[in-house]
Amino acid sequence: MARERFDVVVVGSGSSGGVVAARLSENEHRTVLLLEAGPDFPYEEELPPLFAVSGGQCWIPAGIPELDWGFWDEPLANGHRVRLARGKLVGGSSMVNGCVAVRGAPFDYDRWESLGNPGWGWDDLLPYFVRIENDLDFGDEAYHGTDGPIAIRRWKPESWEPLNHAFVEACSELGLAERPDLNAPDANVASVGAWPQNRLNEVRLGTLVTYIRAARKRQNFTLRADALVDRVLLDGARATGVTYVDANGDETEVDAELVVLAGGVYSTPLVLQRSGIGPADDLRRLGVEPVADLPVGRNLLDHPNCGLRVHAPELAERRGRLFVTNCRGPAGLLGEPEWQAMPVPIDEVAGTAAFVICLNRGESEGRVLIRSSDPTEEPHIDHRYLSAERDFERFEHGWEFFRELIQRPVFRRYGVREVTEGQSPREIVARHVGTAQHPVGTCRMGPPEDPRTVVDHRLRVHGIEGLMVADSSIFPDNVMNNVNLTCYLIGEVAADLIEGRRG
């Protein structure tokens, strides 16, 4: 068996892992190894791969089968299954997503802090959002940045399709305020406007073409692709490295002073569980000796969605980009929007479009669990979508709003009518619920005395030295908007914690 040694090994090169590895490599006295299970594209700057461009043209998330993990959710009681697209390549899902670059709301992060995570409130995290971005539209605002690696733009109204113009006009008539910057701290409730996107010159600005491109030039940075991490190496209660399997099936052990797991909400729990870190009873049943009894894989959250489909021949043709406008609903429970939505052309031949309604904070919780100690075996993933009654009620409230929306004069002029008229929202959602691809929470952050948590506010795994988690799995609760920008932030915070720049 081959053996290597680095100061830090980072597992996963996506929205968080690519960031933390690149930032750590800025310290020339630290050697960093970044491991990725999927393929690399080292010449992407000179020869841009097709998946790197035109991220807003269409949305079949992680739609390249060769670059996808192939995960599916467990079937619902009616047999309906949800595909769980995740990018398996250098850059991870950041290189195959829809380029929606939105922050969570200030109250999201203040909630994180109230759950026992000092330093994770809005005021603490805003400087990281500023550091990440180069906002080409609103960079002169104090809450935006101009020097970060991620350029952010919004499509101008003159480039919108008629569907988006009608959507914004009708939402405004129903009391939503038109906001030019949906990343403004006060634009998260009862608002509508153009979606911020991390794109520039048609290039999808994931970590492959930003953070990792910069890190490749450094002598102390090593990237290994096609490297499937099996488990964390442990010496008692201390992590000493990882083992990974390469494309030829050969195993390598890597010794490291610090292991950072950033494989994402599904894959990070699998590595931990195969290492003996997880629910002890489940691990014993699967033939894995427990080392630390922690709720790894529990508390799985997501933003479930479903579309109100309409017949609208004049609005069904996609003439430009898909992710153009977005609305956040009026204040509901806790003074927060229960849902957000976007208009989508569906089929220009059939003349259909949809308003995709997405729950901001669904209450249904699921889990992720290995099926065996074999790292190549498909995991058990069960989101338990719609298992909480309140999630049905939130969808019903969204349906009420959009059934009223299509009665506005602008949509009546286009002759828009609901395809599912006469059907109850519950019936529609039960048959067609999907995912916004925002899963979080399987290694929840919080104090060790909270039995629901896996890592502390410094991202250290409870009871294990030398082991951190830095990805969407650490969310103590979901944020109300898309999660990708927050994942970049987690990578930045993790690097500062490791470098001692964060108290």
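The values are calculated or read from the model by the stated rules, or taken from the named source; none is laboratory data. Just so we're clear, the structure is a prediction, and the values are computed from it rather than from any experiment. Note that we place each Cβ from the backbone using ideal geometry, even for glycine, and neighbour counts take in every protein chain shown.
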Got at least one residue in region 473-480 being more than 19 Å from the chain's Cα centre (by Cα), assigned by TED's automatic domain parsing to the domain that holds GLY91, within 23 Å of ARG361 (Cβ to Cβ) and part of a loop (DSSP other than H, G, I, E, B)?
no
Taking region 457-483, which residues are buried (at least 23 other Cβ atoms within 10 Å of the Cβ) and touching a Phe, Trp or Tyr at 6+ places or on another chain (Cβ under 7 Å)?
PRO476
Can you tell me how many residues in region 105-125 are in contact (Cβ under 8 Å) with a residue 24 or more places away in the chain and either touching a Cys at 6+ places or on another chain (Cβ under 6 Å) or part of a helix (DSSP H, G or I) (or both)?
8
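A quick yes/no check of all residues on (1) at pLDDT below 95; (2) among the β-branched types (Val, Ile, Thr); (3) surrounded by fewer than 23 Cβ atoms within 10 Å (Cβ to Cβ):
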| site | (1), (2), (3) |
| --- | --- |
| PHE401 | no, no, yes |
| ARG408 | no, no, yes |
| ARG412 | no, no, yes |
| GLN423 | yes, no, yes |
| HIS432 | no, no, yes |
| ARG444 | no, no, no |
| ASP450 | no, no, yes |
| LEU485 | no, no, no |
Verdict on GLU418 being in the same structural domain as LEU315 (by TED's automatic domain parsing), within 30 Å of ALA184 (Cα to Cα) and at pLDDT 95 or above
no
Please pick out the residue among GLU396, GLU427, GLU421, GLU389 that is among the charged types (D, E, K, R) and in contact (Cβ under 8 Å) with a residue 12 or more places away in the chain.
GLU396
Quick check on my filter: what residues within region 60-99 are crowded, with 23+ Cβ neighbours inside 10 Å and of a type in the set (Val, Ile, Thr)?
VAL90, VAL96
Where VAL82 falls short, out of the listed (1) touching a helix residue (DSSP H, G or I) at 6+ places or on another chain (Cβ under 9 Å); (2) touching a residue at least 60 places away in the same chain (Cβ under 8 Å):
(1)
Is it true that ARG231 is under 22 Å from SER15 (Cβ atoms) and either in contact with a Ser or Thr (Cβ under 9 Å, 6 or more places away or on another chain) or aliphatic (A, V, I, L, M) (or both)?
no
Failed condition for VAL454, given (1) more than 21 Å from the chain's Cα centre (by Cα); (2) at pLDDT 95 or above; (3) among the β-branched types (Val, Ile, Thr):
(1)
Within region 383-427, residues being more than 19 Å from ASN164 (Cβ to Cβ) and of a type in the set (Lys, Arg) number 6
For region 252-303, what are the residues that are basic (Lys, Arg) and in contact (Cβ under 8 Å) with a residue 24 or more places away in the chain?
ARG274, ARG298
Taking into account only those residues within region 287-319 that are of a type outside the set (Asp, Glu), out of contact with any Pro (no Cβ under 9 Å at 6 or more places or on another chain) and under 23 Å from ARG238 (Cα atoms), which is surrounded by the fewest Cβ atoms within 10 Å (Cβ to Cβ)?
GLY287
Just to verify a result, which residue in region 333-367, among those that are surrounded by 22 or more Cβ atoms within 10 Å (Cβ to Cβ) and polar (S, T, N, Q), is farthest from the chain's Cα centre (by Cα)?
GLN340
